[in-house]
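Q: Sharing a structure here in structure tokens format.
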Amino acid sequence: MALDETHDPARLSWVESANAAGCEFPVQNLPFGVYGTRGDGKPPRGGVAIGDQVLDVAGFSKALGFTGPAAAAAAACAEPNLNLLMSLGRAHWAALRLALSRALSKERGWEDRRARASGCLMPMDQAVLLVPARIGDYTDFYTSIFHATNVGKFFRPDNPLMPNYKWVPIGYHGRASSIVASGTPVTRPSGQLKPPAAEIPVFGACRNLDYETELGFFIGTGNDLGMPLKIGEAAEHVFGAVLLNDWSARDIQAWEYQPLGPFLAKNFATTISPWIVTMGALEPYRTAAFKRPAGDPAPLPYLTDAADQAQGGYSIAVEMFLRSEQMRTAGMPPLRLSHGNYRDAYWTLAQMVAHHASSGCNLQPGDLLGTGTLSGDTPDSLGSMLELTQRGANPVKLPSGESRAFVADGDEVIQRGRCSREGYATIGFGEAAGQVMPAITA
């Protein structure tokens with residue numbers, strides 16, 4: 001994919017809110033989601049965010065007379081999830097993006113297009129934003145070497161990084177059924193806990209609840225069972241990106257994860273933002289792959305591609321905020337806890353996809369791949385409270401006078417993300433937010 005007129009920073013929309021300074025959803029973005037409306041009886045359908053409005057894509061296409069691949073892709077948005085659209089492939093996605101960009105732009109004939117589009121727009125704050133796809137499978141990776149090293153130091157101070165890390169993209173299969181859209185409350189999980197000094201475990205509510213600042217990538221076109229994907233074509237199978245908070249019960253995790261990895265500590269909730277920023281929209285924010293330190297091994301041939309090394313990274317800023325119940329009552333804004341960037345990931349998106357399919361695993365439209373916690377090499381870029389507070393030893397001070405070693409009941413955790421580059425429009429992802437509710441006890 002290459003830069004085209006849809007990325008023109010001078011392009012404005014006749015949806016005036018999309019032209020406002022700081023708007024996350026200008027006409028250069030056009031992220032896809034699924035929304036419903038309260039009380040009108042209409043089924044959920046695919047939409048695009050433009051300014052502070054949601055656009056009914058299928059209805060807009062009919063009103064303006066889209067043709068060819070753009071019309072076929074728009075028709076797929078009439079479904080209650082985006083899986084059909086994802087399955088159509090990059091040529092259809094690009095055609096629809098171009099058609100929407102032209103139709104929504106404040107260029108010749110825009111008054112007529114606006115009039116014909118009457119009824120296709122609704123205020124975003126009146127929409128019910130849903131999980132945008134039917135997620136068949138969810139895999140979470142471990143792409144930040146800084147996060148892997150920080151966590152390893154807690155358990156293996158003399159040898160924090162496992163020897164396989166620099167050779168193979170590490171991941172685990174997560175739970176798709178508990179992935180929720182932003183705004184969904186998160187119930188504190190319960191499980192087996194065994195403090196270091198205890199002789200036997202007990203069952204109870206998690207005491208060390210954490211977040212993980214991540215991105216998630218939705219697979220578009222898949223691959224057949226038994227057929228690997230070449231590294232040079234792997235990224236062509238990705239539809240777009242969302243914010244992702246992989247909630248983690250650290251005390252449950254510490255006891256259960258040996259020898260097979262995460263289980264109850266991760267399967268109770270994963271929060272994602274409802275808008276999928278397409279790979280087409282992310283094209284201006286490509287960057288070189290993470291520069292490996294001297295002495296690190298080169299990726300094996302199936303994970304090596306010159307173009308991917310030159311432009312396989314993405315500069316996507318991710319932030320995590322926290323607001324306690326006391327802060328909300330006092331009208332205080334959320335406190336920013338961290339500010340990281342996906343460009344610091346040790347493994348690229350294409351390497352994640354190619355490795356996942358290298359065994360012959362069949363990826364399918366709507367599958368979700370998480371990046372793992374995106375931590376950088378500075379104290380303000382640590383993407384989890386486990387790292388930020390040094391396993392709770394150095395609690396964070398809140399503006400309300402409270403402190404937090406881990407996330408407390410009533411806390412609202414809010415993730416945000418943006419892409420910016422000189423000479424191009426700044427685009428955003430919206431939010432992935434969730435408020436923690438008390439554990440349910442029998």
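No lab work stands behind these numbers, since they all come straight from the coordinates. Computed from a prediction, not measured in an experiment: that's the story for all the values here. Quick reminder, even Gly has a Cβ in these numbers, built from the backbone with ideal geometry, and neighbours come from all protein chains shown.
Q: Pulled fully out, how much extra length does the chain show between W110 and K230, if you take 0.36 nm times their separation in residues and subtract their Cα-Cα distance?
A: Details: separation 120, 0.36 × 120 = 43.20 nm, distance 4.30 nm.
Length difference between fully extended and current span is 38.9 nm.
Q: Roughly speaking, what is the centre-to-centre gap between the range 149-181 and the range 260-283 when only Cα atoms are used, to the nearest Å?
A: If you average the Cα positions of each part, the centres end up 16 Å apart.
Q: Same structure, new question: Kindly write out, for the range 212-221 in residue order, the coupling ³J(HN,Hα) from the Karplus curve 6.51 cos²θ - 1.76 cosθ + 1.60 (θ = phi - 60°), rounded to whole Hz, with x marking Gly and Pro.
A: So the Karplus estimates, Gly and Pro as x, are 9, 7, 9, 10, x, 10, 8, 6, x, 6 Hz.
Q: A follow-up question, please. For the chain: lysine pairs with Cα atoms under 26 Å, gap of 8 or more or different chains, count?
A: Close lysine pairs found across the chain: 12.
Q: Would any residue of the range 245-277 have its amide N under 13 Å from a label point 7 Å out along Cα→Cβ of A439? List them or say none.
A: Flagged as within label range: 249-253, 265.
Q: Let me know the shape class of the chain, please: from the alpha-carbon gyration tensor, a ≥ b ≥ c as square roots of the eigenvalues, rounded when a/c is under 1.5, otherwise prolate if a/b is greater than b/c, or oblate. Working shown, then result.
A: Numbers: a/c = 1.79, a/b = 1.38, b/c = 1.30.
Since a/c reaches 1.5 and a/b is larger than b/c, the shape of the chain is classed as prolate.
Q: Using 0.36 nm per residue, how much length does the chain from V168 to A307 gain when fully extended, once their Cα-Cα distance is taken away?
A: Values: separation 139, 0.36 × 139 = 50.04 nm, distance 1.95 nm.
Length difference between fully extended and current span is 48.1 nm.
Q: Going by average Cβ density within 10 Å per residue, which order do the peptides 426-439, 12-25 take, highest to lowest?
A: On the way: 426-439: 20.6, 12-25: 17.3.
For the peptides 426-439, 12-25, the packing ranking is 426-439, 12-25.
Q: Tell me which of S144, V202, A181 sits at the most positive position along the dipole axis of the range 106-211, charges placed on C-beta atoms (Lys, Arg +1; Asp, Glu -1).
A: A181
Q: Sticking with this structure for a sec: If amide hydrogens are placed 1.01 Å from N in the peptide plane, which non-local residues have theirs closer than 5 Å to the one on V128?
A: Those qualifying (amide H under 5 Å, at least 5 residues apart or on another chain) are G36, T37, R38.
Q: Stretch A197-D409 to full length: gain in nm at 0.36 nm per residue minus the Cα-Cα span? Display every interim value, and only then the final one.
A: Numbers: separation 212, 0.36 × 212 = 76.32 nm, distance 2.55 nm.
That works out to 73.8 nm of additional length.
Q: Looking at the range 172-223, which GluC sites (Glu not before Pro) are in a loop (DSSP not H, G, I, E or B) and have at most 12 other Cβ atoms within 10 Å?
A: E199
Q: On a 0 to 90° scale, report how tilted helix 145-155 is relative to the longest principal axis of the chain, with both axes built from alpha carbons and the result rounded to the nearest 10.
A: Taking Cα atoms only, the helix is inclined about 20 degrees.
Q: Of S273, T329, A235, which is farthest on the positive side of the dipole of the range 138-437, counting Cα position, with +1 on Lys and Arg Cβ, -1 on Asp and Glu Cβ, and the Cα centre as origin?
A: T329
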